[in-house]
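A short worksheet on the structure shown next.
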Amino acid sequence: MTGMPDAVHGADVTRRVANRLKRAHGQLAAVIAAVEDGGDCRAVVTQLAAVSSAIDRAGFAVIATAMQECLAEDDGDEGRVRMAELEKLFLSLS
């Protein structure tokens with residue numbers, strides 16, 4: 001039963017990330033339609049900002065989960081290398 005909490009936590013994170021990305025997908029479709037239809041530039045920029053934020057939040061959630069797993073596994077030098085890689089990924093989103 002030791003793997004059970006991580007599996008449930010992982011499934012929850014996966015569901016939340018997928019939901020965020022689906023919302024971003026819908027928002028992006030609306031932005032594309034607005035651009036193609038000659039929509040108001042302010043509305044387009046506002047929606048683009050929302051899409052960008054949704055994607056960033058999904059990325060942060062994925063990396064935060066990976067960091068938690070890395071810390072839980074802390075296997076010396078390998079763990080430190082993996083954490084450094086995750087930090088670079090995290091910073092690439094900012």
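Report yes if D12 is at pLDDT below 85, open to solvent by 70 Å² or more (accessible area, probe 1.4 Å) and out of contact with any helix residue (DSSP H, G or I) (no Cβ under 6 Å at 6 or more places or on another chain), otherwise no.
It is false that D12 is at pLDDT below 85, open to solvent by 70 Å² or more (accessible area, probe 1.4 Å) and out of contact with any helix residue (DSSP H, G or I) (no Cβ under 6 Å at 6 or more places or on another chain).
Could you run through region 38-94 and say how many residues are aromatic (F, W, Y) and modelled with pLDDT under 80?
Qualifying residue count for the region: 1.
Determine, yes or no, whether A49 is assigned to a helix (DSSP H, G or I) and in contact (Cβ under 8 Å) with a residue 12 or more places away in the chain.
No; evaluated as a whole, the condition is false for this residue.
The values are calculated or read from the model by the stated rules, or taken from the named source; none is laboratory data. Quick caveat, the model's predicted, so the values are computed rather than measured. Please note: Cβ atoms are built from the backbone with ideal geometry, for glycine as well, and neighbour counts cover all protein chains shown. When the accessible area is computed, the model is the full protein with side chains, heavy atoms only, and any ligands, DNA or RNA have been set aside. Shrake-Rupley method; radii C 1.70, N 1.55, O 1.52, S 1.80 Å.
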